[in-house]
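Have a look at the structure below before the remarks.
No lab work stands behind these numbers, since they all come straight from the coordinates. No experiment lies behind these values; they were computed from the predicted model shown. Cβ: placed from backbone, ideal geometry, glycine included. Neighbour counts: every protein chain shown.
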Amino acid sequence: MNAFKPHLSNVADYPYSKNEARVKLDQNESPEDLPPELKARALERLARLPWNRYPELHAEDVRAAVARHEEWPEAGVVLTPGSNMLVLALASAARAVVDTVPSFTYYKGSAAAAGTPWRGIPLGEGFALPKAELLAAMDGAGGVLFLPNPHAPTGKLFEQGDVAELAARAKARGWLLVVDEAYHAFAGSDARALARANGNVAVLRTFSKAWALGGIRAGYMLASPEVATVIRACVPPFCIPAHTTAILQTVLESPGYKDALVARIRAERARVAAALAKHPRWKAYPSAANYLLVRTPDAKAAFEHLLSRGLVVRRQDHYAGLEGCIRITIGTREENDLLLAAAADAP
Ligand SMILES: *Cc1c(COP(=O)(O)O)cnc(C)c1O
């Protein structure tokens with residue numbers, strides 16, 4: 001078939017296979033659903049909307065609420081159904097993509113779909129930021145550097161000063177540094193000041209993790225008006241549906257539940273990490289996110305053992321440098337107790 005561009009002849013789907021289990025610790029979701037009173041308010045709001053009418057062109061109504069919540073100029077906010085769509089739009093618009101390795105698969109996947117040249121820079125010892133190599137990779141030709149911070153899938157939080165150096169180089173060389181803050185709430189980190197001071201920095205955030213809205217599909221970019229204008233042109237018009245609008249307006253009116261949820265997850269993360277530190281065969285890496293990367297003697301055996309006890313986690317051993325690794329999302333206290341009990345006699 002000759003319908004498609006040649007670079008698409010060997011594209012692969014996103015690497016995810018669904019496993020049924022009682023305890024789901026494989027997608028870094030919130031273990032708690034949205035509080036019922038907020039769900040009820042969102043549904044009432046949705047019922048009042050005219051379903052026959054298109055929503056706003058660029059979700060202007062929600063955008064204003066996001067801008068207020070984030071103290072960011074409205075013209076620099078772009079909302080999409082999941083921040084993954086922003087990753088795809090950025091990779092499509094980019095002259096080239098630079099990424100760390102290993103890293104969130106979709107940066108590479110979206111560059112592949114868009115036919116944009118992609119280059120991966122391996123992390124250093126202990127998953128350290130390969131700063132010198134990333135600085136050198138931002139060459140005179142321009143492009144987009146994706147940096148998840150906290151990093152996925154390692155959970156490592158990079159130093160603000162190092163990220164600021166990357167930002168300065170991006171500005172000097174005409175690159176865009178995209179700091180993907182999908183997990184920043186669990187770290188207490190914040191790249192907004194950097195992005196406010198430097199138009200060559202954009203921040204991605206999502207409602208999928210700390211806001212407990214993985215099923216809703218909503219994320220946003222905070223950027224300069226210039227960057228936002230380009231990326232808005234790369235996403236379809238009217239792409240935030242009315243039901244998403246109703247839900248986001250509701251949670252943005254009452255965001256307090258998020259902070260309480262994040263506090264519980266952080267406390268559980270510390271408890272699970274401390275318990276796993278005593279494990280005779282497993283090594284859990286320090287994490288600033290809502291998951292732990294754990295090195296085991298055999299990822300397949302560890303995964304299957306946990307699955308046989310009703311827990312599903314995510315294998316990470318297909319990544320170079322992550323041999324034996326699995327990634328475990330922090331769950332509720334009860335779920336984490338089940339995990340620790342199953343881990344105790346795991347291979
Ligand atoms: C979960 C995650 C996201 C969020 O993607 P959505 O499309 O907003 O659900 C973005 N980046 C990374 C690194 C993630 O792990």
- Return the single residue from His69, His305, His184 with maximal mean-square fluctuation; model: Gaussian network over the chain, springs between Cα atoms under 10 Å. His69
- Query: Want the number for Val230 to Gln27: 0.36 nm per residue separation, take away the alpha-carbon distance, what's left?
  - Reply: 70.0 nm
- Query: For the peptides 50-63, 279-292, what is the packing order when you average, over each peptide's residues, the other Cβ atoms within 10 Å and list the highest mean first?
  - Reply: 279-292, 50-63
- Task: Could you tell me which of rounded, prolate or oblate describes the chain, using a ≥ b ≥ c as the square roots of the eigenvalues of the alpha-carbon gyration tensor, with rounded for a/c under 1.5 and, failing that, prolate when a/b is larger than b/c and oblate otherwise?
- Result: oblate
- CD proxy, 222 nm, the chain: helix-only mean residue ellipticity via -39,500 (n - 2.57) per DSSP H run with n ≥ 4, per residue, nearest 500, stands at -12000 deg cm²/dmol
- Express as a percent, rounded to the nearest 5, the fraction of DSSP beta bridges in the chain (both residues included) that run antiparallel. 50
- Expressed as a rounded percentage, what relative contact order does the chain have, with Cα pairs under 8 Å and six or more residues apart? 23
- Note on the structure: Relative contact order in percent for the range 47-253 (Cα pairs under 8 Å, 6+ apart) equals 29
- Task: Among the lysines, select those whose C-alpha is under 28 Å from the C-alpha of Lys18, and discard any that sit fewer than 8 residues away in the same chain.
- Result: Lys39, Lys108, Lys156, Lys209, Lys258, Lys283, Lys300
- Message: Give me the one-decimal nm value for the distance between modelled label points at Tyr285 and Phe4, 7 Å along each residue's Cα-to-Cβ direction.
- Response: 3.2
- Message: Assuming 0.36 nm per residue, please report the length gained on full extension of the stretch Glu37 to Ala141 beyond their Cα-Cα distance.
- Response: 32.3 nm
- Only Lys, Arg (+1) and Asp, Glu (-1) charged, at Cβ; the range 227-347 dipole about Cα centre in debye: 260
- Potential lengthening between Ala270 and Tyr14 on full extension [0.36 nm per residue; Cα-Cα distance subtracted]: 89.1 nm
- Task: Let me know the shape class of the range 281-329, please: from the alpha-carbon gyration tensor, a ≥ b ≥ c as square roots of the eigenvalues, rounded when a/c is under 1.5, otherwise prolate if a/b is greater than b/c, or oblate.
- Result: oblate
- Message: Are there any GluC sites (Glu not before Pro) in the range 219-320 that are in a DSSP loop and have at most 14 other Cβ atoms within 10 Å? List them by number.
- Response: none
- Message: With both bridge residues required to lie in the range 47-253, what share of the DSSP beta bridges run antiparallel, to the nearest 5%?
- Response: 35
